[in-house]
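Below: one structure, written as structure tokens.
The values are calculated or read from the model by the stated rules, or taken from the named source; none is laboratory data. Model, not experiment: these values are computed from the prediction. Ideal geometry is used to build each Cβ from the backbone, glycine not excepted, and the neighbour counts take in all protein chains shown. Each accessible area value is taken on the protein alone, full model and side chains, heavy atoms only, with ligands, DNA and RNA left out. Shrake-Rupley method; radii C 1.70, N 1.55, O 1.52, S 1.80 Å.
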Amino acid sequence: MARVTVWNEYRHEREREDVAAVYPDGIHAAIADPLAAAGHDVRTATLDEGPEHGLTDAVLADTDVLLWWGHAAHDEVRDAVVDRVHERVLDGMGLIALHSAHYSKVFKRLMGTSCSLRWREAGERERLWVVEPGHPIADGIDEYVELTETEMYGERFDVPQPDALVFTSWFEGGEVCRSGCTYRRGSGRVFYFRPGHETYPIYYDDDVRRVLRNAVAWANPGEGPTPDFGNADPIEDLDATSPDDRTTY
Ligand code: ZN
């Protein structure tokens, strides 16, 4: 089980009735509740929770996997917080960037590209195809998941080539999108997952929730070594193996 923090911008739900009707307790609650029910130790944090947006050093130090949902206020996330999250990912914390978090400061920094894409809000059908069936993030998912009403995100999605492409979406309007991409950055694991617009009840979908559970398990840091960077004392006795002492055959 993992210590999970679900971060949400949490503006749309408070400002727009149509969004509040879908996510009355906030998108973060719809994401956090099933993860807590699965046994994870889950907390939430939001943009307006103080100057550090609820992501203090202590919270991040106590987080194995951070899920990030942001949309209209990416620019309001303070750079000092972005620095801190970035550093924690390099240090091993898992990051799951959801839907419009493709444009979040921290995801763009981790990718090093524009992360731009094409989009259309027309409530169209999406088939989310599993294209890497052996990947743990796809455990228990059928060949594809059908979402009846989604916002279209289409290629080119300007991200680096993923380590694994787990999902590819087809949209009713004709576009495709690399919708489930894994990366490693430093010691941390990063997963981008496309579904999840604020006016559609996508985070209540059983398959979407299963993917998020799988992704948290995948992104949870393992017991790998902590790298020791910097000037290093030799492990072997260098004098004994110096070139002058070696026998030449
Ligand atoms: Zn959206």
GNM top mover of R11, R156, R184 - the chain, alpha-carbon springs below 10 Å: R156
Average the reciprocal distances over every distinct pair of alpha-carbons in the stretch 27-151, invert the result, and give the Kirkwood radius in Å. 16.4
With +1 on the Cβ of every Lys and Arg and -1 on the Cβ of every Asp and Glu, the dipole magnitude of the chain about its Cα centre, in debye rounded to the nearest 20, is 440
Would you look at the GNM of the chain, springs on alpha carbons closer than 10 Å, and say which of T63, T168, T148 moves the most? T148
Antiparallel %, DSSP beta bridges [both residues in the chain], to 5: 60
Dipole magnitude of the stretch 1-104, debye to nearest 20 (Cβ charges: Lys/Arg +1, Asp/Glu -1, about Cα centre): 200
With Rh as the Kirkwood radius over Cα pairs, the stretch 5-63 has Rg/Rh of 1.01
In Å and on Cα atoms, what radius of gyration and Dmax does the stretch 85-163 show? 14.5, 40
So how long is each side of the chain along the principal axes, counting just the alpha-carbon atoms, biggest first, in Å? 78, 41, 35
Place the peptides 216-228, 101-113 in order of packing, highest mean first, counting for every residue the other Cβ atoms within 10 Å and averaging per peptide. 101-113, 216-228
Within the stretch 158-187, name every residue whose backbone N is under 17 Å away from a label modeled 7 Å from Cα of E143 along the Cβ vector. 167-171
Give me the 1.4 Å probe accessible area per residue for the chain, excluding ligands and nucleic acids, in Å². 49
dims of the stretch 19-95, Cα set, principal axes, largest to smallest, nearest Å -> 35, 30, 17
May I ask for the Rg/Rh ratio of the stretch 107-249, computed from Cα atoms with Rh as the Kirkwood radius, given to two decimals? 1.23
